[in-house]
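The values are calculated or read from the model by the stated rules, or taken from the named source; none is laboratory data. Source: prediction; values computed, not measured. Here the Cβ positions follow ideal geometry from the backbone for every residue, glycine too, while neighbour counts run over all protein chains shown. When the accessible area is computed, the model is the full protein with side chains, heavy atoms only, and any ligands, DNA or RNA have been set aside. Shrake-Rupley method; radii C 1.70, N 1.55, O 1.52, S 1.80 Å.
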Amino acid sequence: MATYNLKINGQTHSVEADDDTPLLWVLRDHLDMVGTKYGCGIGQCGACTVHVDGSATRSCLLQAAQLEGKEITTIEGLSENGDHPVQQAWKEVDVPQCGYCQAGQIMTASAFLDKNPNPNTEEIKSAMHANICRCGAYNRIHKAVAIASEKNS
Amino acid sequence: MSTLIPSKFSRRGFLRTSTLASGGMLIGFNLFNACKPKAEMPVDISKLNYSDFNAFIKISDEGMVTIFSPNPEIGQGVKTSMPMLIAEELDVPWEHVNVVQGELDTENYTRQLAGGSQSIRLGWEPLRQTGATARQMLVNAAAARWGVDASECTASKGVITNAKGETLGYGDVVKEAAMLEIPENVGLKDPKDFTVIGQDATNVDIDKIVTGKPLFGLDYKAEGMVYASVLRPPAFGQVLESYDDTAARAVPGVIDVIKIGAKLNAIAEKNWTIQMGSSEKVVVIAKTTWQAIKGKKALQATWTDDSTLESTEYQDKKLFEILNGDEFTTKREDGDVKKAFAEADEVIERTYESPFLPHNCMEPMNFYANVTAEKVHLVGPIQTPEPTAEMVAMMLGRDLKEVKLEMTRMGGGFGRRLYSDFVMEAAEIADAIRKPVKMVSTREDDMTTGVYRPSIKYRIKAGIKNGEITSYHLKEAAINVNMYGLIPHFFPAGCIPNYKVDVGNYKSNITTGAWRAPYTNFLSFAEQSFFDEIAEITEKDPVQLRLDLLQKVKGTTDEKIQYSAERMEDVINLVVEKSGLKTPKEGVYQGFCAYYCHNTHVAQVADVVLENNQPVVKKVHVAVDCGIVVNPTGALNQIEGGIVDGVGHGMYGDFKFKEGMPESNNYNSYRLIRMKEAPEVETHFVENTLAPTGLGEPTLPPAMAAISIAITKATGGRMYKQPFIKNMPKKQVIG
């Protein structure tokens, strides 16, 4: 057990956790930030995606000890009022079915669009390929990413 | 003014009202039964009791409407579409409607179950009737205040208007309305006057979903809650012999290690919703989820073989023994197939095979339970709250009235959350430790100790005489349970004079159950690719072959045949027109199929192209007749999702066992469809004003058939076994 100072959504949180606790469970169990979802625990599904220094990262594979001094953004901190262009696009397209994977999808999409604001169809598919949507809402996820990129530009 | 049409749904006393102490009107109603004579309406909104009502509508003094939605949400959109039915007839703007998931604490919650794509179909009349009756009461209240006849007043968008043009908002008259006698036989709107039904209503939880607010079972927390991780037998057929928890107890944060199973095993046979092995299990209780998972990994357990440890090869052998044997139960028989085969010019027989499939809900199984001397409090994602609450009460020897079950949004269902094993475990754990506890399955637990779609094999035999199909014999070999309900009477029943459906199964210790579109999810592929092959062999157009067969069922008086030849023709003609099936494009190989299940008629055409000599599914055109489309955006989402799900599991879904142990345990060894593999879906609705039918399942089964037929066109080879990716014919490259 050690104390870690983690900068999440612009605020520093002091967390006591076992050394090997993944960021996912620090967020969910220690900090009550449950928007980041557990899906597989092995970095295969993308439900737990957060931004670390602006890059989409699987929080189930990161340990608290690796994260001091890094800027972490979760779905709760993506925008102040839920109006990030990607969140707006998600609402406009009515993407979710069960909704469970969508926080991870949105975090992947928003980090991707920061780096590639005007992607083509194939680039969107490649960027989103690592996030599983078990309900199969891929048509709408693709459309929402494309709309968000238009909102950006 | 709207045209009101008489409702077929007329019944006394299904609705009660009260005035809320905090202001506003409360309407309680029972969807499928009359209210009990003594049923009392609460006057405090925090004390909604579901013992006498299965749902409530609150209309506030401001005219805002809160609907306490009666059905669990698993991603199929009923939390949005069912309240739309009430809002339509109540005649309030959808923006003024707020939807809250109802909770369950009694035996009287009728059909509070999400499964079988039935929610909209069964709720269609009663939900609209409830809205219409409430609207009439508000109109009557306004008319009384004005001293005019109610027939001179109209209501629209939450405002009542009289002949002089004076207006009152719903909120203005709720207090009087709540006191009025409840009118009977209120008419319903003509579909042409609908203003809510048929308009896009975004998922009611969307703001919470896109901002990461707590919504799902896994997100639920309570004061003092601890976490539990359950060690179940590694192989089906094994039971716990002994365990050593020394190392587990040394893991930081671990509070306790207990054994469960005895209480559940005592009642496990009592209800179909409990599907699980009979072994006892070891549970690690810890302060956090991670510590509980680590504690479980540190357990040392010894398991004993209790029954056959099945491998996939064993299952295949057993299923082929059934198909090759003669011990079947006949589910439908017309004419004499044996005689017809003997007289046929040609007999075609094919065998189709499918693997087991796990559900893989993205939110792993989990449940919160808190058992005290006073009550049993359960919170989480379950599709069958009613029998689950009953089983928990029975297991713990408690009065059902002490059990309070609250449903959360569910991170996927697909049939898995019909089964309550994980709720029973949570309740047994909470009963033992007497602390609020959340049982959390890991992905590995979820995939390896689940309830599965069982492996099934079909053998279909058809006799051709003078170019016509004169006989059809379908044999099903399944595990544990066979096809149910009206499936034996689906197409082509009634189209072929000599027709027989035979089923057989063997009992396995592997837990099996419903998986999105049970049986039809594989039967559709077998049957529809069989017809495509018959068309090829008999040199007929595959579309015309279906249309010719459908002619023969027209005018049937067989009540078991519920698919409609006319509606099937409509979807076939629509998909043929929209997909360009008659005007083929160079390099695009199209596969056609038509299918009816879960009361909805669907036809699909899949477009496959060859990329590097490999077939790739690019697009699926779909025509759907689901009657009136209640919520187009939600309907499209279900249709697209069903097709992508069907394509994914047809192409990749594979789940094998070795000596009772699943060979896949996470997404690195079990392949789910991803973005690049998902085809574009183009949907076309048959427009009519028939009562709506469900969409959670019906587009999935034909997708597997359509892509397999298209792949055949592209490669020249047929597939008889799923997953297609492992049984793909090689393209014959000439030259």
With (1) crowded, with 20+ Cβ neighbours inside 10 Å; (2) at the interface with another protein chain (Cβ under 10 Å from one of its Cβ atoms); (3) touching a strand residue (DSSP E or B) at 6+ places or on another chain (Cβ under 7 Å) as the list, and A:Thr49 as the residue in question, which single condition is left unmet? (2)
Tell me the residue from B:Arg459, B:Arg453 that is more than 14 Å from chain A (Cβ to nearest Cβ), open to solvent by less than 20 Å² (accessible area, probe 1.4 Å) and touching a His at 6+ places or on another chain (Cβ under 9 Å), please. B:Arg453
Since B:Lys297 meets every condition but one in (1) at pLDDT 95 or above; (2) of a type outside the set (A, V, I, L, M, F, W, C); (3) touching a strand residue (DSSP E or B) at 6+ places or on another chain (Cβ under 6 Å), which condition does it not meet? (3)
Check region B:500-511 and report whether any residue there is hydroxyl-bearing (Ser, Thr, Tyr), open to solvent by less than 10 Å² (accessible area, probe 1.4 Å) and at pLDDT 95 or above. no
When you go through A:Ser149, A:Ser126, A:Ser110 one by one, which is the residue that is at the interface with chain B (Cβ under 8 Å from one of its Cβ atoms) and either of a type in the set (S, T, N, Q) or surrounded by fewer than 20 Cβ atoms within 10 Å (Cβ to Cβ) (or both)? A:Ser126
Among the listed residues B:Glu566, B:Glu527, which satisfies the condition of being modelled with pLDDT of 95 or more and open to solvent by 60 Å² or more (accessible area, probe 1.4 Å)? B:Glu566
Looking at this structure, is A:Ala17 crowded, with 23+ Cβ neighbours inside 10 Å and more than 7 Å from chain B (Cβ to nearest Cβ)? yes
Here is a list of conditions, (1) under 15 Å from the mean Cα position of the chain (by Cα); (2) away from every other protein chain (no Cβ under 11 Å), and A:Asn5 meets all of them except one; can you say which number that is? (1)
Neighbours by Cβ (under 6 Å, 6+ apart or cross-chain): first from region B:676-703, under 17 Å from B:Gly123 (Cα atoms); second open to solvent by 50 Å² or more (accessible area, probe 1.4 Å): B:Thr693/B:Arg121; B:Gly694/B:Arg121
Odd one out for B:Asn668, checked against (1) facing chain A (nearest Cβ under 9 Å); (2) in a helix (DSSP H, G or I); (3) surrounded by fewer than 19 Cβ atoms within 10 Å (Cβ to Cβ): (2)
Quick check: anything in region A:30-44 more than 9 Å from every other protein chain (Cβ to nearest Cβ) and in contact (Cβ under 8 Å) with a residue 40 or more places away in the chain? no
Within region A:43-153, which helices (runs of 4 or more DSSP H) (wholly inside it) include 1 or more residues that are under 13 Å from the mean Cα position of the chain (by Cα)? A:85-93, A:102-115, A:121-128
Pick from region A:113-122, criterion farther than 17 Å from A:Trp90 by Cα and out of contact with any helix residue (DSSP H, G or I) (no Cβ under 8 Å at 6 or more places or on another chain), ranking: nearest to the other protein chains (Cβ to nearest Cβ): A:Glu122
In contact with a helix residue (DSSP H, G or I) (Cβ under 8 Å, 6 or more places away or on another chain), of a type in the set (A, V, I, L, M), surrounded by fewer than 18 Cβ atoms within 10 Å (Cβ to Cβ) and assigned by TED's automatic domain parsing to the domain that holds B:Thr80: does that describe B:Ala155? no
Does B:Lys263 meet the test of being touching a strand residue (DSSP E or B) at 6+ places or on another chain (Cβ under 9 Å) and under 17 Å from B:Ala430 (Cβ atoms)? no
Can you tell me which condition B:Arg409 does not meet? The list is (1) of a type in the set (Lys, Arg); (2) farther than 20 Å from B:Asn265 by Cα; (3) open to solvent by 10 Å² or more (accessible area, probe 1.4 Å), and all the others hold. (3)
State the number of residues belonging to region B:33-68 that are modelled with pLDDT of 85 or more, out of contact with any helix residue (DSSP H, G or I) (no Cβ under 7 Å at 6 or more places or on another chain) and crowded, with 21+ Cβ neighbours inside 10 Å. 0
Does region B:620-636 hold any residues that are over 18 Å from B:Asn599 (Cβ atoms) and at pLDDT 95 or above, and which are they? B:Val620, B:His621, B:Leu636
Options B:Ile643, B:Ile673: the member that is at pLDDT 95 or above, open to solvent by less than 10 Å² (accessible area, probe 1.4 Å) and either in contact with a Gly (Cβ under 7 Å, 6 or more places away or on another chain) or in the same structural domain as B:Val588 (by TED's automatic domain parsing) (or both): B:Ile643
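B:Thr683: surrounded by fewer than 24 Cβ atoms within 10 Å (Cβ to Cβ) and at pLDDT 95 or above, yes or no?
yes
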Inside region B:156-211, the number of residues satisfying the requirement of being within 30 Å of A:Val86 (Cβ to Cβ) and free of Cβ contacts under 8 Å to residues at least 24 places away in the same chain is 6
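Check every one of the strands (runs of 3 or more DSSP E) wholly within region B:289-405 and list those with 2 or more residues that are closer than 26 Å to B:Ala262 by Cβ and open to solvent by 20 Å² or more (accessible area, probe 1.4 Å). Don't jump to the end; show me each part of the working.
On the way: elements: B:300-305, B:329-334, B:346-354, B:366-371, B:376-380.
Hits in region B:289-405: B:300-305.
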Flag for A:Asp83 being at the interface with chain B (Cβ under 10 Å from one of its Cβ atoms) and over 27 Å from B:Gln638 (Cβ atoms): yes
Taking region B:162-199 only, how many residues are of a type in the set (Val, Ile, Thr) and in a strand (DSSP E or B)? 1
For region A:20-32, what are the residues that are surrounded by fewer than 21 Cβ atoms within 10 Å (Cβ to Cβ) and part of a loop (DSSP other than H, G, I, E, B)? A:Asp20, A:Leu31, A:Asp32
Has region B:602-614 got any residue that is surrounded by 24 or more Cβ atoms within 10 Å (Cβ to Cβ), in contact with a strand residue (DSSP E or B) (Cβ under 6 Å, 6 or more places away or on another chain) and under 30 Å from A:Lys91 (Cβ atoms)? yes
